[in-house]
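Q: Sharing a structure here in structure tokens format.
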Amino acid sequence: MSKAVVATTSLAGCFGCHMSILDIDERILDLIEVVEFNKSPIDDIKKFTKKCDVGIIEGGCCNSENVHVLKDFRENCKILIALGECAIMGGLPAMRNGIPIKECLEEAYIGGPTVQGNDQKIVPNDPELPILLDKVYPCHEVIKIDYYLPGCPPRADLIWEALVALIKGEEMDLPYEVVKFD
Amino acid sequence: MYQTIKFTIDGKECIAKKGQYLVDAAKENNIYIPTLCNVEGVKPKGACRICTVKVNGRLMTACTTPVAEGMAIENNTEEIIDLRKSIVELFFVEGNHFCPACEKSGECDLQALAYKFLIMAPRFPFQFPVRELDATNPKIVKDHNRCILCKRCIRVIKDEEGKNIYAFKKRGHKVEIIVDPESADKFTDELAEKSMEICPVGAILVKEKGFSTPIGQRKYDKVPIGSDIEKVTKIKNEVL
């Protein structure tokens, strides 16, 4: 049997969900027997080199680059999983949703208590930089998402059970303790 | 003397006192009907609609409907469960419920219902409303982002003369809870604790108190809401 190809990415997230993937501990040895990673921070492959079976997305969608990556994942992956609260509902980055962008940028680059040495009061505005969206969006409001794994971070057991179920094509039987929003 | 009557829930024969509210009657028959706005012993409000059941084919709130002889009640049917799920999902998209950052996480009734119904993501678009945090009261913080307008605080928390301390202000979608500023000085630590406890979500918090119970030991970490009333019936897991 050929190995299932998995891609992962972190958008507006903290990489905690990726840490939780690694939290499956020694089971990762079993995982790499049946899974091959493609575009992912885990193996540092930057661009898709082939079509993938499963795409795992951490973090919400906060800027133009995130939109691009999401569309890229949808095109190249058969199944997409939103991993963690940020991907599902915007999470902590979405706490900026009630604050105008201008205020956010001014707080970050001009008036904030930790700002030092920006005497010219410059807000970075290079064309190379991704443009912030008006809000942080849940991934499923930008592209179609097939499955959701909540948690902050999602419990390692939840990620493990989900991946095993997907690869084997079986239904999941989740214990109550593994589905949590925090 | 109470008159005893017979009725059925999902075909199961039940016995109750005539005039008892459906949620209480079901509880005495070890059947859990989920509630959010309801408080035992306090006049029911029917505000949150989560206890909706089908009585003889019609949708009704179980917290406000008195039980009557021969009622046929549908509680755990596919249709009712989906309806309740949609109500919980509506609550989640209507406010700003950031569970990872909430002091009430793990002890929140709304979150516990989402766990019970295995809600992975709401079917409705998130609204991200702009709402205020109010910390003007010396004892409590009100976070309107999390308030589900269940009126529990208004109905339960009273001063020593039996008068309301909490009230609604504004109208329609702008409605929010306020604390009577004149009674703010009468606001005791005890009342603050009781307010936080009675709030089914994290909208009322005691100042300088939060995250006091470690993860894993909180109210809903190990057991689903309502499992004290009935043995847990596993809702079919349709996640994968």
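The values are calculated or read from the model by the stated rules, or taken from the named source; none is laboratory data. In this text, all values refer to a predicted model and were calculated from it rather than measured experimentally. FYI the Cβ positions are ideal-geometry reconstructions off the backbone, even for glycines, and counts take in every protein chain you see.
Q: Counting just the residues of region B:76-109 that are assigned to a helix (DSSP H, G or I) and at the interface with chain A (Cβ under 7 Å from one of its Cβ atoms), which one comes out surrounded by the fewest Cβ atoms within 10 Å (Cβ to Cβ)? Full working, then the answer.
A: Taking region B:76-109 as the starting set, the residues that turn out to be assigned to a helix (DSSP H, G or I) are B:78-94, B:99-101, B:109.
After this cut, where a residue has to be at the interface with chain A (Cβ under 7 Å from one of its Cβ atoms) as well, the list is B:99-101.
Values: B:C99: 24, B:P100: 18, B:A101: 15.
Here the residue is B:A101.
Q: How do the strands (runs of 3 or more DSSP E) wholly within region B:148-240 filter down when requiring 2 or more residues that are within 12 Å of chain A (Cβ to nearest Cβ), modelled with pLDDT of 95 or more and within 19 Å of B:C108 (Cβ to Cβ): which remain?
A: Numbers: elements: B:166-169, B:176-179, B:204-206.
Once the strands (runs of 3 or more DSSP E) in region B:148-240 are filtered for at least 2 residues that are within 12 Å of chain A (Cβ to nearest Cβ), modelled with pLDDT of 95 or more and within 19 Å of B:C108 (Cβ to Cβ), nothing remains.
Q: While we're looking at this one, here's another question. Condition test on A:P130, is it at pLDDT 95 or above, in contact with a Ser or Thr (Cβ under 9 Å, 6 or more places away or on another chain) and over 30 Å from A:L31 (Cα atoms)? Steps first, please.
A: On the way: at pLDDT 95 or above: yes; in contact with a Ser or Thr (Cβ under 9 Å, 6 or more places away or on another chain): yes; over 30 Å from A:L31 (Cα atoms): yes.
Answer is yes for this residue.
Q: Tell me which residues, restricted to region B:110-132, are among the aliphatic types (A, V, I, L, M), at the interface with another protein chain (Cβ under 8 Å from one of its Cβ atoms) and within 21 Å of the chain's Cα centre (by Cα).
A: Taking region B:110-132 first, the residues among the aliphatic types (A, V, I, L, M) are B:110, B:112-114, B:118-121, B:130.
Of the ones still in play, those that are also at the interface with another protein chain (Cβ under 8 Å from one of its Cβ atoms) are B:114, B:118, B:120-121, B:130.
Result: B:A114, B:L118, B:M120, B:A121.
Q: Go through the residues of region A:121-130 one by one and say whether even a single one is under 27 Å from B:C102 (Cα atoms) and either in contact (Cβ under 8 Å) with a residue 24 or more places away in the chain or small (G, A, S) (or both). Spell out how you get there, then give the answer.
A: The initial filter retains those residues of region A:121-130 that are under 27 Å from B:C102 (Cα atoms), namely none.
Within region A:121-130, not a single residue is under 27 Å from B:C102 (Cα atoms) and either in contact (Cβ under 8 Å) with a residue 24 or more places away in the chain or small (G, A, S) (or both).
Q: Tell me whether region A:128-146 contains one or more residues that are of a type outside the set (A, V, I, L, M, F, W, C), within 14 Å of chain B (Cβ to nearest Cβ) and farther than 18 Å from A:P93 by Cα.
A: Taking region A:128-146 first, the residues of a type outside the set (A, V, I, L, M, F, W, C) are A:128, A:130, A:134-135, A:137-138, A:140-141, A:144, A:146.
Narrowing further to those that are within 14 Å of chain B (Cβ to nearest Cβ): A:134-135, A:137-138, A:140-141, A:144, A:146.
Then drop every residue that is not farther than 18 Å from A:P93 by Cα, which leaves A:144, A:146.
Yes, region A:128-146 contains at least one residue that is of a type outside the set (A, V, I, L, M, F, W, C), within 14 Å of chain B (Cβ to nearest Cβ) and farther than 18 Å from A:P93 by Cα.
Q: Ok, one more. When the residues of region B:23-72 are narrowed to those that are out of contact with any Asp or Glu (no Cβ under 7 Å at 6 or more places or on another chain) and among the hydroxyl-bearing types (S, T, Y), which ends up nearest to B:L110 (Cα to Cα)?
A: Filtering first and then ranking leaves B:T35.
Q: Under 9 Å between Cβ atoms, which residue pairs at least 6 apart in sequence (or on different chains) link something in region B:93-122 that is outside the structural domain of B:Y32 (by TED's automatic domain parsing) with a partner that is assigned to a helix (DSSP H, G or I) and among the polar types (S, T, N, Q)?
A: The qualifying pairs are B:N96/A:N97; B:H97/B:Q111; B:C99/B:Q111; B:C102/B:Q111; B:K104/B:Q111; B:S105/B:Q111; B:P122/B:S86.
Q: Tally time: how many residues in region B:151-174 are in contact (Cβ under 8 Å) with a residue 60 or more places away in the chain and not aliphatic (A, V, I, L, M)? Please lay out each step first, then the result.
A: Within region B:151-174, the subset in contact (Cβ under 8 Å) with a residue 60 or more places away in the chain is B:151-152, B:155-156.
Remaining after also requiring not aliphatic (A, V, I, L, M): B:151-152, B:155.
Qualifying residue count for the region: 3.
Q: Can I ask one more? How about region B:133-147: which of its residues are surrounded by fewer than 19 Cβ atoms within 10 Å (Cβ to Cβ), assigned to a strand (DSSP E or B) and away from chain A (no Cβ under 11 Å)?
A: Selection gives B:D134 alone.
Q: Any idea which of (1) surrounded by 14 or more Cβ atoms within 10 Å (Cβ to Cβ); (2) farther than 23 Å from A:S10 by Cβ; (3) not polar (S, T, N, Q) is the one A:I79 doesn't satisfy?
A: So A:I79 meets the others, but not (2).
Q: Moving to a separate point now. Does any residue in region B:36-65 that is more than 21 Å from B:F91 (Cβ to Cβ) come within less than 6 Å, Cβ to Cβ, of a residue that is acidic (D, E) six or more places away or on a different chain, and which pairs are these?
A: Matching pairs, first to second residue: B:K54/B:E74.
Q: Given the conditions (1) part of a loop (DSSP other than H, G, I, E, B); (2) more than 30 Å from A:E36 (Cα to Cα); (3) within 14 Å of another protein chain (Cβ to nearest Cβ), and given that A:D119 satisfies all but one, which numbered condition is not satisfied?
A: All conditions are met except number (3).
Q: Would you say B:G46 is surrounded by fewer than 18 Cβ atoms within 10 Å (Cβ to Cβ) and closer than 17 Å to B:C150 by Cβ? Walk me through how you get there before you give the answer.
A: Details: surrounded by fewer than 18 Cβ atoms within 10 Å (Cβ to Cβ): yes; closer than 17 Å to B:C150 by Cβ: yes.
Considered against the rule, which asks whether it is surrounded by fewer than 18 Cβ atoms within 10 Å (Cβ to Cβ) and closer than 17 Å to B:C150 by Cβ, B:G46 comes out as yes.
Q: Answer yes or no as to whether A:C139 is buried (at least 19 other Cβ atoms within 10 Å of the Cβ) and touching a helix residue (DSSP H, G or I) at 6+ places or on another chain (Cβ under 6 Å). Spell out the reasoning first.
A: Working: buried (at least 19 other Cβ atoms within 10 Å of the Cβ): yes; touching a helix residue (DSSP H, G or I) at 6+ places or on another chain (Cβ under 6 Å): yes.
For A:C139, the condition - buried (at least 19 other Cβ atoms within 10 Å of the Cβ) and touching a helix residue (DSSP H, G or I) at 6+ places or on another chain (Cβ under 6 Å) - is met.
Q: Also: Report every pair of residues separated by at least 6 positions or lying on different chains whose Cβ atoms are under 8 Å apart, first residue within region A:156-172 and in contact (Cβ under 8 Å) with a residue 40 or more places away in the chain, second in a helix (DSSP H, G or I) and of a type in the set (D, E, K, R).
A: From residues that are in contact (Cβ under 8 Å) with a residue 40 or more places away in the chain, the pairs are A:W160/A:R27.
Q: Counting just the residues of region A:159-182 that are in contact with a strand residue (DSSP E or B) (Cβ under 7 Å, 6 or more places away or on another chain) and more than 10 Å from every other protein chain (Cβ to nearest Cβ), which one comes out modelled with the highest pLDDT?
A: Just the residues of region A:159-182 that are in contact with a strand residue (DSSP E or B) (Cβ under 7 Å, 6 or more places away or on another chain), to begin with: A:159, A:162, A:166-167.
Keeping just the survivors that are more than 10 Å from every other protein chain (Cβ to nearest Cβ) gives A:159, A:167.
Values: A:I159: 96, A:I167: 90.
Out of the qualifying residues, it is A:I159.
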